[in-house]
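So the structure is just underneath, and the comments pick up after that.
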Amino acid sequence: MSLFEKITTPNGKVIEQPLGLFINNEWVKTDSTIDTIDPSTGKKITAVYAASEKDIDAAVAAAVEAFENESWTSLTGSERGDYIFKIAEIIKRDAELLASIESYDNGKPYEAEALAGDLVEAYEVFKYYAGFADKIHGQFIGAEILGKNKMCFTDPTPLGAVASIIPWNFPFMMMAWKIAPALATGNTVVLKTSEITPLSALHLGKIVLEAGLPKGVVNIVSGYGKDAGHHLASHPDISKVAFTGSTATGQKIMEAAARSNLKNVTLECGGKSPYIVFADSDLDKALEWGFSGIFYNKGEVCTSTSRFFIEEPIYDEFVEKFVKFTKENSKVSHPFEKGCTIGPLVSSLQYEKVKKYVEIGKKEGAKLLSGKFHEGDGYFCDPFIFADCTDDMTICKEEIFGPVVSITKFKDAAEVIRRANNTTYGLAAALFTNNITRAHKVANKLQAGMVFINSNGDSDIHVPFGGVKMSGIGRELGTYALELYTTHKAIHVNLALDD
Ligand code: NAD
């Protein structure tokens, strides 16, 4: 197998797809490969080279060498910012190609989501952190605080060679969220993509070469989680792992980090987020935001609000209108078809997982009002709406990560807060009401890293993103992400020697 393959995407773009690992600014082959599948057809798109432990060692060694030879850290912040901005500009220029490969590999709607969402955000993230590269400096703490003859300053220093491990639901965007702040703060990186959607992030290697970054600063590996991912998370020369994925894997990564070298860890994990609609809400808007909150990206979104709580007086009306709204606004189709809102689920595994949960929902007595699996090739299904659910049902407790919503009713704010918080997760929560006092009171009590008032799923690159409880540790995006990749060295100076 060669290192590149010309791939024609379903919308006719011809793309030179890298297949190798990207180590030390070179494409390299390995001893094994991973097939990547088009979820619209179930057919193979291509195969990429998969990293073994030995290959991970080589990628880590390249990142460590680049950090130690100071090819990256000896640049001024402004020079590093220029490189990062170049990456942003290339992403913007190639957005259609990159969005095409993303939709092809993942199944997300090309126009509305991959192009208008993920690629725009990836560009914005690199541009945003490019601007920070020369604005990271420390504090000075003088004698008026520390006492006579003493002074101290802090030096914000990068952590070293860091690892990024990303999932399959927003591959290119998750890459950007991690790589841009890591580079802006002076770290070097080994990125491991998901074995299910490895294609788009490999293009970062081409972009890095074109932007002219020194070798070893960015390294990209494809590989399986249990071996390549585990080896990376356990590596003694890696000083941090930034992970996005399931809570179960997050726990393994934390354990690997603890057992190896106590490396710094940030985790963006799963969720089972509530969507609370009070009777005084603007119902039309609540339907719209409820729909996007659960069905965007086929429900394969960590913040998706998969548990709807509707206040009793409007429960029947809401449910009826939500089913109608969903039917009218879902276009389940090939992701490149114009107007597609819901493409195929990412893989046969995910398709079977959603099937399993739909069966469990029915068996446990939830009322299925809408939704079906499509026959034929690909992993297509219509959105599933379950009503009259109870909190003890499996579909109300476990993260399904697909287009499945469970709807229940509630009596008052105190009850819904208690029930919404009755989960091990705490990523996001959304609520609708026209009562401003209640909106803030409820938002204040919800155990979630992000709360959306009269909207849903409103992530923004300027605002910290992350969860509490078993949804994760740390915050990405905004200025908060800079802290994830920086340590603060305190330099104490004694001025008393010649007294
Ligand atoms: P996953 O945990 O199966 O895999 C994520 C990544 O971890 C992949 O690259 C995988 O290869 C790797 N991995 C797997 N086992 C590993 C191990 N033992 N050691 C090191 N790496 C390992 O998750 P997924 O199925 O790709 O993604 C879906 C999950 O991600 C959902 O639970 C979703 O909620 C979560 N997610 C969270 C966020 C967030 O920001 N909180 C965003 C997107 C997805």
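Residues of region 250-270 that are touching a residue at least 40 places away in the same chain (Cβ under 8 Å) and within 6 Å of the ligand (Cβ to nearest atom): 253, 268, 269, 270.
For region 1-40, taking the residues that are farther than 30 Å from residue 332 by Cα, touching a residue at least 24 places away in the same chain (Cβ under 8 Å) and polar (S, T, N, Q), the one that is surrounded by the fewest Cβ atoms within 10 Å (Cβ to Cβ) is identified as 33. Looking only at residues of region 148-187 that are within 14 Å of the chain's Cα centre (by Cα) and not in a helix (DSSP H, G or I), we find that the one that is surrounded by the fewest Cβ atoms within 10 Å (Cβ to Cβ) is 168. Taken together, the residues in region 135-147 that are of a type in the set (D, E, K, R) and surrounded by 12 or more Cβ atoms within 10 Å (Cβ to Cβ) amount to 1.
Once region 232-249 is narrowed to residues that are farther than 30 Å from residue 452 by Cβ and open to solvent by less than 60 Å² (accessible area, probe 1.4 Å), the residue that is farthest from the ligand (Cβ to nearest atom) is 239. Criterion applied to 479, 486, 437 was being in contact with a His (Cβ under 9 Å, 6 or more places away or on another chain) and more than 16 Å from the ligand (Cβ to nearest atom), and the one residue passing it is 479.
Within region 206-235, residues that are in the same structural domain as residue 19 (by TED's automatic domain parsing) sit with their Cβ atoms under 6 Å from residues that are in a loop (DSSP other than H, G, I, E, B) and within 16 Å of the ligand (Cβ to nearest atom), at 6+ positions apart or across chains, in these pairs: 221/51; 222/193; 222/198; 223/51; 224/195; 228/51. For region 282-302, the criterion of being within 10 Å of the ligand (Cβ to nearest atom) and either open to solvent by 10 Å² or more (accessible area, probe 1.4 Å) or modelled with pLDDT under 95 (or both) is met by at least one residue.
When the strands (runs of 3 or more DSSP E) confined to region 343-422 are screened for residues that are open to solvent by 30 Å² or more (accessible area, probe 1.4 Å) and without any contact (Cβ under 8 Å) to a residue 24 or more places away in the chain, those reaching at least 1 such residues are found at 367-370. So in region 198-231, with the set limited to residues that are within 16 Å of the ligand (Cβ to nearest atom) and open to solvent by 10 Å² or more (accessible area, probe 1.4 Å), which one is nearest to residue 17 (Cα to Cα)? The extreme case among them is 224. Give the residues of region 60-80 that are in contact with a strand residue (DSSP E or B) (Cβ under 7 Å, 6 or more places away or on another chain) and either of a type in the set (A, V, I, L, M, F, W, C) or open to solvent by less than 40 Å² (accessible area, probe 1.4 Å) (or both), sorted by residue number. Hits for region 60-80 are 60, 62, 63, 64, 66, 67, 72.
The values are calculated or read from the model by the stated rules, or taken from the named source; none is laboratory data. The structure presented is a predicted model; accordingly, all values stated were derived computationally and were not measured. Here Cβ is always computed from backbone atoms with ideal geometry, including for glycine, and neighbour counts include all displayed protein chains. Areas reflect the complete protein model, heavy atoms only, side chains present, ligands, DNA and RNA absent. Shrake-Rupley method; radii C 1.70, N 1.55, O 1.52, S 1.80 Å.
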